[in-house]
Amino acid sequence: MRTNLVLEWKKVSIDSNTRDTDLFKVPVLRNDTARVLCMQLFNDFKVNQYDFDDQGRGCRHWCASIFNILARLGVTEDVSLDFENWENKQYQKFGDMFPMPRICGTFYTA
């Protein structure tokens with residue numbers, strides 16, 4: 001299965017309603033373009049080679065893995081603990097609709 005990644009810059013604030021999870025923001029430390037970051041993530045780290053579980057779950061593990069890569073590259077700080085705290089807060093808010101522990105998919109090599 002293939003997908004296209006589309007990035008847009010919008011000068012609007014992002015609101016969430018009570019049914020949405022809280023935003024998880026990650027400050028960027030380097031002045032790279034989205035193209036440079038995507039090229040590194042997809043070409044060098046093959047983050048697109050990821051299988052979700054049989055029910056299509058595992059996106060939070062995929063995100064956490066990307067946060068770890070970006071931290072190793074010096075693009076962001078290590079936000080692992082912040083992300084885990086965010087997940088726990090969302091679990092408290094949504095219960096079983098936000099399963100914990102995190103459901104993991106699998107990275108594979110082609």
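Listing for the model above:
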read-out	value
Hypothetical label at Cys59: residues of segment 89-110 whose amide nitrogen lies under 17 Å (7 Å Cα-Cβ projection)	90-91, 94-100, 102-106
Stretch gain in nm, segment Leu23-Lys46, where the contour uses 0.36 nm per residue and the Cα spacing is subtracted	5.7 nm
More than 17 Å apart - percent of Cα-Cα pairs taken over segment 34-107	50 percent
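All of the numbers you see were taken from the coordinates with simple rules; none came from a lab. Every value quoted in this text rests on a predicted model; they were computed, and no experiment measured them. Cβ sites come from the backbone with ideal geometry, for glycine too, and all protein chains shown count toward neighbours.
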